[in-house]
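Take a look at the structure set out below.
The values are calculated or read from the model by the stated rules, or taken from the named source; none is laboratory data. From a predicted model like this one, the values you see are computed outputs, not experimental measurements. Counting neighbours? That spans all protein chains shown, and the Cβs are built from the backbone with ideal geometry, glycine included.
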């Protein structure tokens with residue numbers, strides 16, 4: 001893995017906007033093509049294997065949580081448990097997730113799994129691929145995300161309820177809207193009939209309890225880019241259990257287990273010593289983490305409320321509004337250092353397969369909402 005400094009394409013802003021990528025620059029540049037990362041084929045094979053292996057381990061961990069009724073460790077409300085178990089036992093449709101790796105000395109180490117509402121999908125799939133065609137179309141990229149999304153939507157078609165596949169997200173986020181519309185475009189290319197509506201436009205029929213769209217059509221299948229840990233604290237979420245139409249929510253609610261950092265200590269317990277896992281513990285066993293660890297909220301986003309401790313001394317810390325549910329303690333594994341730039345590899349699983357990577361780069365050890373997305377290629 002090597003980092004290269006290059007000159008961005010002339011007029012790159014217009015080029016990415018023509019693709020529909022309009023949030024390339026926020027308070028500071030988000031898309032950054034002044035650098036790229038180079039991987040060998042051996043490194044790509046290693047990342048692909050780690051992703052596939054961890055997906056299998058993750059599914060086993062979900063079964064373990066359900067079998068042992070460990071929902072309290074995830075702060076999942078008791079009333080929502082039946083929906084989670086129903087979605088798991090009936091193999092409700094699921095399509096994607098993103099493992100976040102620290103990749104050092106040729107070995108990926110899992111930092112967390114974004115299993116419910118992962119973003120940076122469009123950048124990983126489409127934007128960096130078009131960059132590569134302009135930069136050097138003789139090279140390849142670890143990126144079959146687009147093809148796999150279309151193929152898996154096509155596969156899921158026969159397992160969905162009859163009717164439209166709806167897509168929804170909250171307002172006021174260009175990133176979430178772009179991700180949702182990109183996912184919708186892949187479904188359309190797979191031959192599905194779709195509709196988009198914002199989350200606050202979803203109606204509720206109190207006479208025959210079911211979800212309705214703006215045309216009063218029943219919502220039977222819906223992709224949502226909105227986290228379950230928020231839904232379960234809203235009246236909207238409680239309607240999911242009252243829904244007589246048994247709408248398929250994608251991602252399914254069992255992903256709520258994997259999207260919580262509480263899964264990390266369970267993965268470690270079930271797979272002690274696994275090469276791609278870091279020692280992880282709940283607060284009750286935090287002394288086992290020693291004096292060098294990452295303290296992470298069970299529920300959090302964008303790298304908020306994280307502490308990195310090295311031999312009892314604060315290495316890095318972020319603020320935020322998370323931590324009410326408690327923390328997990330994970331063995332310290334800092335991101336690789338490229339002259340003060342720290343890349344985090346997001347490795348995508350689509351369907352049941354590894355599909356490619358995207359890289360977020362930061363000038364701090366904790367990847368947060370100011371981190372940049374940078375492209376890559378295979379040598």
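Before moving on, here are some points about what is shown:
- Residue check, residue 148 within 22 Å of residue 250 (Cβ to Cβ) and surrounded by fewer than 19 Cβ atoms within 10 Å (Cβ to Cβ): no
- Qualifying residue in region 184-198 (condition: surrounded by fewer than 18 Cβ atoms within 10 Å (Cβ to Cβ), in a helix (DSSP H, G or I) and free of Cβ contacts under 8 Å to residues at least 60 places away in the same chain): yes
- The set of residues from region 260-294 being out of contact with any strand residue (DSSP E or B) (no Cβ under 7 Å at 6 or more places or on another chain), part of a loop (DSSP other than H, G, I, E, B), within 26 Å of residue 52 (Cα to Cα) and without any contact (Cβ under 8 Å) to a residue 60 or more places away in the chain comprises 272, 273.
- Count of residues meeting criterion [under 18 Å from residue 100 (Cα atoms) and surrounded by fewer than 19 Cβ atoms within 10 Å (Cβ to Cβ)] in region 20-37: 0
- When residues of region 271-308 are limited to those that are touching a helix residue (DSSP H, G or I) at 6+ places or on another chain (Cβ under 9 Å) and farther than 20 Å from residue 75 by Cα, the one surrounded by the most Cβ atoms within 10 Å (Cβ to Cβ): 293
- Residue match in region 234-242 (condition: assigned to a loop (DSSP other than H, G, I, E, B), under 17 Å from residue 78 (Cα atoms), within 25 Å of the chain's Cα centre (by Cα) and touching a residue at least 12 places away in the same chain (Cβ under 8 Å)): no
- Long-range neighbours under 8 Å by Cβ, at least six apart or interchain, first residue in the same structural domain as residue 254 (by TED's automatic domain parsing) within region 52-68, second part of a helix (DSSP H, G or I) and surrounded by fewer than 17 Cβ atoms within 10 Å (Cβ to Cβ): 57/270; 60/270; 61/270; 64/270; 66/85
- For region 318-338, residues that are at pLDDT below 95 and surrounded by fewer than 18 Cβ atoms within 10 Å (Cβ to Cβ) total 7.
A quick yes/no check of all residues on (1) surrounded by fewer than 20 Cβ atoms within 10 Å (Cβ to Cβ); (2) assigned by TED's automatic domain parsing to the domain that holds residue 369; (3) closer than 17 Å to residue 371 by Cα; (4) touching a strand residue (DSSP E or B) at 6+ places or on another chain (Cβ under 9 Å):
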| site | (1), (2), (3), (4) |
| --- | --- |
| 89 | yes, yes, no, no |
| 93 | no, yes, no, yes |
| 110 | no, yes, no, yes |
| 120 | no, yes, yes, yes |
| 123 | no, yes, yes, yes |
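- All positions within region 218-259 that are farther than 19 Å from residue 95 by Cβ and either buried (at least 24 other Cβ atoms within 10 Å of the Cβ) or in contact with a strand residue (DSSP E or B) (Cβ under 6 Å, 6 or more places away or on another chain) (or both): 218, 239, 243, 244, 245
- Single unsatisfied condition, residue 29 versus (1) within 22 Å of residue 133 (Cβ to Cβ); (2) in contact with a strand residue (DSSP E or B) (Cβ under 8 Å, 6 or more places away or on another chain); (3) modelled with pLDDT of 95 or more: (3)
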